[in-house]
Amino acid sequence: MKVLIISSNTLPAAPTGPVYVAGAVRQAGHEVQIYERLFAFDLAGELTAKLRDFQPDVVGISIRLVFGDEIDLEAPSGTRHTDLRPRVKEIVDLIRQVSPVRIILGGPGFNYYAQDWLGYLDLDYGIRGEGEEAFPLFLKRLEEGGDIYSVPGCAFRKGGSFYAIPPSPVQDLDQQALPAYDLLDWQLYAGRKITPAIFTKRGCAFSCIYCPYSKLEGNRYRLKSPQRVLAEAHHIIQSTGIRNVMICENNFNAPSKHAESICRALIAENADFQWGTGDLRPVGVNDDFCRLMEESGCFYANLSIESASEKMLRTMKRGYTVSRVRKSLEALNRSKIPFGVSLLLGAPGETPETIAETLGVLDDYEIPNGVWVTIGVYLWTDYQDIVAEARRTGVLKGDKELFSGAVYLSPGLPRSYLQELPEVLRARRGYSVQFNKPNESWTL
C-alpha cells in the first residue's frame, strides 16, 4: 500500500513521531512518504500535488498539539495563543476535495482527545498511544480485509457511538524500525534551527501532578540499549548530514544507570557527533555524571527544576528537594556543559512568596543558557492529577474545555501580581517567559 504521513504541526519542532511511524510502515513493506506542514508556502497547491502525484491508499495525520503558545512580545502578556485545530481541519478539508482516500488520525495531540477530534473533523478512525506496531497492524488488516476495530489503541465512531480499544505499549524498542529521517529534507529544519531528535526509553516512574506520562506510558521503564541509541544517531547523521542530536524524552537521567551507560557507550566509540537533552531531572546530577555528559559530547542540557520552593516541590510531587536543585546547579556550574533551567509557575498552592523563593535560589547561580519560565499549567487529560484539582475548585467546568485549551493558574496568584510578573521576569538577565492563558477570553 501507499501511505502518506502528514506532520500537521506548525510550531518549530522535529517531527519525531512521524519519522518513527514512517520507518515502521516502510519496514512492514509499504511505500511511504512524509509531508511536512511546517514549511508549506502554498498548502493547498503543495498538498494537492502530493496527493495527485503519490496517490496514497491511506493518509495518516500526526497531530502534535491542539493549541500552542509562543513568545510574542507584541501580544498580550508577551505570548501568542494559537488554536491549532483549524489548521488540522484545513488539511482534512483539502484532502477531501482531492481524494476519497482513507484518513487516519494519530499523534500525541490525538491521544487525549480522540473522541473530540473525530467529531470535530467528522472522521471515523484514529490510533492512540504508540504507533510503531499499531499503525502497521491496521494497514495489514485493512489490506487483507481483516478486523481493523480490534487494533490496539484504535479509537473509532461506528453506528453513532464512540469506541476506544486500550493501547498496547511497544515492549522491545530495540527491534523497531529506524526513524525515517531520510524521507525529509533536513536543510529546511536546519534553517529553523531545529535539531533531529531521538528517544532512548519510554515510561516514567514519577507522578508529577501536571504530567500524564506515567499513566500513558506506564511507570515501568522500557529502555533502548546503548548500541541501539548509537545506531539511531548514526542513521540520523547519515540521513540528514547534521551532527547534533537531541534526546527528546522526560528525565533523560532516569534511570540514572541507563543514562550513564549511553554516555559511556558514546565515549567508548569516540562518537563523531554531539547530543543534547531538554530534560535533566535534578537528581543525581553530580560532578561524575556531568563529566560523563561532557566527555560523551553533550552540547546542551536543560535542568527541569520547575520550582525551587520546598512547598511547591512537594505539592507538584517532583520527588526531590531544594537541596538537590542546588547540588545539581553547582555541579553543572563546575562543568563546561552549556545549560539552561526551566520553571513551571502557577501550580496549586503557588503564591508570590513561593515564586520569590524559587527566584532567590536561582539568583545564587550562573545559568549560561538562560531560564525558560512557563506561567500556567496546561490541562489535557484526567491522566493529570491536577485536572481533578481543577474540577474540584471549579477552574475546569466541563470536559469540552480540555479540547479548547484549558490552563490552571493558582488562585493564590492575584491578578495584579500576574499582570506585572511577565515583565518582571523578562527584566532578569537571560529569562524568557511564556504565559499560558486559562482561556481565550481571559484577561488580566
Starting from the 7 Å offset along Cα-to-Cβ, what nm value, one decimal, do you get for the label separation of residue 215 and residue 102? 3.2 nm
Qualifying chymotrypsin sites (Phe, Trp or Tyr not before Pro) for segment 6-64 [loop in DSSP, other Cβ within 10 Å: at most 16]: 41
Grab the alpha carbons of segment 195-435, take their convex hull, and tell me the volume per residue in Å³. 129 Å³
For segment 334-444, divide the Cα radius of gyration by the Kirkwood radius and give the resulting Rg/Rh value with two decimals. 1.01
Where labels lie 7 Å past Cα in the beta-carbon direction, separation of residue 74 and residue 353 in nm: 4.2 nm
My understanding is that a pair violates if its Cα-Cα distance is over 31 Å; which of 50/224; 140/400; 158/317; 140/257; 317/397; 201/327 do that in this structure? 50/224; 140/400; 158/317; 140/257
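Write down the percent of antiparallel bridges among all DSSP beta bridges whose residues are both part of segment 305-444, to the nearest 5.
Working: 3 of 14 bridges.
The antiparallel proportion sits near 20 percent.
Just the number, please: percent antiparallel of the DSSP beta bridges in segment 1-140, rounded to the nearest 5.
Values: 5 of 22 bridges.
Among the beta bridges of segment 1-140, antiparallel pairing accounts for roughly 25 percent.
Can you give the convex hull volume per residue for the Cα atoms of the chain, as a whole number of Å³? Could the numbers behind the result be given before it?
Working: hull volume 63.1 nm³, N = 444.
Expressed per residue, the convex hull around the Cα atoms of the chain is 142 Å³.
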DSSP bridge orientation in segment 195-435 - percent antiparallel, rounded to nearest 5: 15 percent
Lone Cys, the chain, Cβ cut-off 4.7 Å -> 154, 204, 248, 263, 290, 298
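Calculate, in nm to one decimal, what residue 382 and residue 415 gain on full extension: separation in residues at 0.36 nm each, minus their alpha carbon distance.
Numbers: separation 33, 0.36 × 33 = 11.88 nm, distance 2.69 nm.
My answer for the length gained is 9.2 nm.
Readers should treat all values here as calculations from the given coordinates under stated rules, not as data from a laboratory. Since we're looking at a predicted model, the values are computed, not measured. Glycine gets a Cβ as well: all are built from the backbone with ideal geometry, and neighbour counts include every protein chain shown.
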